[in-house]
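Taking it in order: structure first as structure tokens, then the write-up.
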Amino acid sequence: MEAAVADHDGKWDLLIYAVVRNSGPYSLYSTFLTNHFELFGLRQVWLYFRNQPYRQLPFKESLFYQWVRHPLMLGFIVAFWATPQMTQGHLLFAVVTTAYIFFGIQFEERTLLAIHGDEYRQYQKRVSMIIPMPPRGSQKEGHSRQ
């Protein structure tokens, strides 16, 4: 058995398990807030088979997205790090996947800026990337907040 890097003798197990158990549903629900079918490519395939042109969905900021720009990635990061016993292997996994997520976020944000332009730029200024915080400043007028 692998040696633990961090072990707390079970004092926090219930809390840690609750956090981990909720990070999955939180991440899944986040996919439905943007457009679950768009995210997984199902909308694009559906439109293709119906011979309909693809149209970019409008930018919207709903629920979790009002506090953090990447709630899906936050859910994954929480799931990767919240463990009652941090082994060397799990630590390596958590570090590498977290780095991969932050690397991927840079590409995603570049794409979102190209698609949504100034609307997304204002959103970046107002909402934290990965740490949930109350939005800063005022919301752009006419912005879809659902």
Item checked: Contour excess over end-to-end distance, with Cα ends at Y54 and F37 and 0.36 nm allotted per residue -> 4.8 nm
Next item on the list: Quote the charge dipole size of region 42-146 about the Cα centre in Debye, to the nearest 20; the model charges only the Cβ of Lys and Arg (+1) and of Asp and Glu (-1).
Entry: 260
Item checked: Of (1) 58; (2) 42; (3) 63, the label for percent of Cα pairs over 20 Å apart derived from the coordinates -> (1)
Margin query: If I model a spin label as a point 7 Å beyond the Cα along the Cα-Cβ vector, how far apart are those points for S62 and L47 in nm?
Written below: 1.8
Item checked: trypsin sites (Lys or Arg not before Pro) within region 38-79: DSSP coil, no more than 13 neighbouring Cβ in 10 Å -> R50, R55, K60
Check: Which listed residue (L14, S62, Y100) has the Cα farthest towards the positive end of the charge dipole for the chain, taking +1 on Lys and Arg C-beta and -1 on Asp and Glu C-beta about the Cα centre?
Finding: S62
Next item on the list: Let me have the relative contact order for the chain, percent, based on Cα pairs under 8 Å that are six or more residues apart.
Entry: 35
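Coordinate-derived values only; no laboratory data. Given the structure is predicted, the values throughout are model-derived calculations rather than measurements. For neighbour counting, all protein chains shown are included, and Cβ atoms are generated from backbone atoms with ideal geometry for every residue, glycine included.
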